[in-house]
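Here the structure comes first, spelled out in structure tokens, and everything after it is commentary.
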Amino acid sequence: MADFIYWLDGLVWSIGLVIFALGAGLFFSIKTRFLQVRYFKEMLRLLFEKKNTDTGITPFQSFSIALSGRVGIGNIAGVATAISLGGPGAVFWMWIMAILGGASAFVESTLAQIYKVKIGEEYRGGTPFFIDKGLGIKWFGVLVAIVVTFSYGVLVPGIQSNTIASGFQNSLGIDPRLTGVVLIGLLAIIIFGGVKRIAQAAQLMVPFMSIGYLLVTLIILLANIKEIPDMFALIISSAFGVNEMFGGIVGAAITWGVKRAVFSNVAGVGEGTYSSAAAEVSHPAKQGLVQAFSVYIDTLLVCTCTALMILVTGMYSVTPEDQEPIVNTMEGIEPGPAYTQAAVESVIPGFGSTFVSIAIFFFAFTTLFAYYFIAETTLIYLDRSSKMKWLKTLFNIVFLITVYVGCVQSASLLWALGDTGFGLMGWLNLFTILLLSKPALKVFKDYERQKKEGKDPVFDPREVGIVGADFWEENLVKVNTGNKTGTVNSKDKSININS
């Protein structure tokens, strides 16, 4: 079974997906004239835009949920793995993937807002929803919903809980079984509280954990300040094959840099679409810009912090697949949190192991309830009539069991499962957002037009020529009729008020 999983991981994560992810990001960047750079200031403004609502969540809460999914153990263990298998040059390609991925994140999150729905007192949406409403291909939406539910419910969570358990076992000697029991207890309290409780927990934990990690990074860099210029030179030279030591593994640097960037920031995979749809904004492009910014925080900030700590202290080994070690400083130590722990310990003895374990807990724990929220949303899509309420209860049990099992299983197998899940979702979601690029780009142009006119953009799907944006059309009816009932003509989009 393990051999099959490793084979499937290799098949899904062929060079084709690396090219696909980079190519899609470049395509969207060119089509939007690199909005992820031009609209950086606007991203920050929108992040803290106030909007009181009893139905949706705020842009910042949505940002926090998405970031809790993006900022996970990929930012610590994933970066170490990328360096170990691709050399220092992999860090540069992580940066490139983050910059290009910002455009992909914008497109997918904007689509999630365009085609979101209101279910009860919550907004829901994501890849299956915009496949259904945007492409009109119901069976494909169902297929993607099944893949996403299985990935976030079974394939992906284990690596997060495994890293939490391993970190506490290495630093504090805590039995992984005990960690598993405590972990599922804490998760149950949050996930059974619904999207509001998930959002509240995320907006408290995410800023706290990111700021703490950044402060420790600054201490490590200041202690090794003379080494910083050489470290950046090493990253750049290795990325382009001009470094004598790492010149022969440029392909591995690109592959592992892109692979670990996608695992970490999940731009283009569709993960950010679900929290994006839950936010209440006046225009879909607003949430698209907020989510593009979250990719920067994940990779250009948090992942870079890990990479700089590891490289500037020299606490890493580089052993490309099927090759002899090029650097063997961490001989016998599996690439992962141990690299970061050793880096911190080299500057602050007695602090590194415990600090990294706590950081891992916050990073991975918040990622787990982001995973749950996503899988819950796809279950709602699959059971819109709520005839199978037992399905959610069954999923809750399976999810918590998966988290516990992850605490006591082999890390290498769990990484292969996680990579397979993200790879499958990446293929499906990238294909979808490329097919739906036209409506997303139309909405972006509409946002730019209204901004140039000095307006606070408000989305009217009739003006943009978007079909299937049912929520926005219904909301437009309420606004234009003073909350009287009305209908939207499907042909000319005119509003008819019922007498």
**OP:** Give the residues of the stretch 300-345 that are in contact with a Gly (Cβ under 8 Å, 6 or more places away or on another chain), closer than 13 Å to GLY86 by Cα and not hydrophobic (A, V, I, L, M, F, W, C), sorted by residue number.
**Re:** PRO320
**OP:** Take ILE333 and decide whether it is touching a Phe, Trp or Tyr at 6+ places or on another chain (Cβ under 8 Å), open to solvent by 30 Å² or more (accessible area, probe 1.4 Å) and modelled with pLDDT under 90.
**Re:** yes
**OP:** Considering each of THR340, THR377, THR306 in turn, give the residue that is more than 30 Å from SER29 (Cβ to Cβ) and assigned to a helix (DSSP H, G or I).
**Re:** THR340
Original post:
Residue check: is LEU379 touching a residue at least 12 places away in the same chain (Cβ under 8 Å), over 30 Å from ILE189 (Cα atoms) and surrounded by fewer than 24 Cβ atoms within 10 Å (Cβ to Cβ)?
Top reply: no
Original post:
Does LYS118 qualify as being out of contact with any strand residue (DSSP E or B) (no Cβ under 6 Å at 6 or more places or on another chain), outside any helix (DSSP H, G or I) and among the charged types (D, E, K, R)?
Top reply: yes
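Considering only the stretch 343-352, I want to know if a residue exists there that is open to solvent by 10 Å² or more (accessible area, probe 1.4 Å) and assigned to a helix (DSSP H, G or I).
Within the stretch 343-352, one or more residues are open to solvent by 10 Å² or more (accessible area, probe 1.4 Å) and assigned to a helix (DSSP H, G or I).
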**OP:** Kindly check whether there is at least one residue in the stretch 429-440 that is within 24 Å of the chain's Cα centre (by Cα), under 21 Å from MET97 (Cα atoms), of a type in the set (Ser, Thr, Tyr) and modelled with pLDDT of 95 or more.
**Re:** yes
**OP:** Being surrounded by fewer than 22 Cβ atoms within 10 Å (Cβ to Cβ) and not in a helix (DSSP H, G or I) narrows it down to one of ILE146, ILE189, ILE184, ILE174, so name that one.
**Re:** ILE174
Original post:
Which residue pairs have Cβ atoms closer than 9 Å, lie 6 or more positions apart in sequence or on different chains, and pair a first residue in the stretch 389-400 that is under 14 Å from VAL154 (Cα atoms) with a second residue that is open to solvent by 50 Å² or more (accessible area, probe 1.4 Å) and not polar (S, T, N, Q)?
Top reply: ASN396/PHE192; VAL398/VAL154; PHE399/VAL154
**OP:** Quickly run through the stretch 96-129 and pick out the residues that are at pLDDT 95 or above and of a type in the set (Phe, Trp, Tyr).
**Re:** PHE106, TYR115, PHE129
Original post:
Within the stretch 433-478, can you find the residues that are over 13 Å from ALA112 (Cα atoms) and in a loop (DSSP other than H, G, I, E, B)?
Top reply: GLU453, GLY454, LYS455, ASP456, PRO457, VAL458, PHE459, ASP460, GLY465, ILE466, VAL467
**OP:** Quick one: which residue in LYS118, LYS133 is among the basic types (Lys, Arg) and farther than 20 Å from LYS438 by Cβ?
**Re:** LYS118
**OP:** Return the pairs, sorted by first residue and then second, in which the second residue is assigned to a loop (DSSP other than H, G, I, E, B), the first residue lies in the stretch 81-103 and is within 28 Å of LYS31 (Cβ to Cβ), the beta carbons are less than 8 Å apart, and the residues are 6+ apart or on different chains.
**Re:** MET97/ALA267; ALA98/ALA267; GLY101/ALA267; GLY101/GLY268; GLY102/ALA267; ALA103/THR32; ALA103/PHE34
**OP:** Collect the residues in the stretch 237-252 that are open to solvent by less than 20 Å² (accessible area, probe 1.4 Å) and touching a Ser or Thr at 6+ places or on another chain (Cβ under 6 Å), keeping them in residue-number order.
**Re:** PHE246
**OP:** Would you please name the residue that is surrounded by the fewest Cβ atoms within 10 Å (Cβ to Cβ), looking only at residues in the stretch 126-143 that are over 16 Å from the mean Cα position of the chain (by Cα) and within 16 Å of PHE373 (Cα to Cα)?
**Re:** PHE129
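Kindly indicate whether LEU430 is in a helix (DSSP H, G or I), among the hydrophobic types (A, V, I, L, M, F, W, C) and open to solvent by 20 Å² or more (accessible area, probe 1.4 Å).
In short, no.
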Original post:
Quick one: in the stretch 311-325, which of the residues that are more than 27 Å from the chain's Cα centre (by Cα) and farther than 29 Å from LEU218 by Cβ is least open to solvent (accessible area, probe 1.4 Å)?
Top reply: THR319
**OP:** Could you pull out every one of the helices (runs of 4 or more DSSP H) wholly within the stretch 11-55 that has 3 or more residues that are open to solvent by less than 70 Å² (accessible area, probe 1.4 Å) and at pLDDT 85 or above?
**Re:** 15-31, 40-47
Original post:
Quick check: anything in the stretch 392-401 touching a Phe, Trp or Tyr at 6+ places or on another chain (Cβ under 8 Å) and part of a helix (DSSP H, G or I)?
Top reply: yes
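The values are calculated or read from the model by the stated rules, or taken from the named source; none is laboratory data. Computed from a predicted model, the values in this text were never measured in an experiment. Please note: Cβ atoms are built from the backbone with ideal geometry, for glycine as well, and neighbour counts cover all protein chains shown. Ligands, DNA and RNA are stripped out before the accessible areas are found, and what is left, the full protein with its side chains, is counted by its heavy atoms. Shrake-Rupley method; radii C 1.70, N 1.55, O 1.52, S 1.80 Å.
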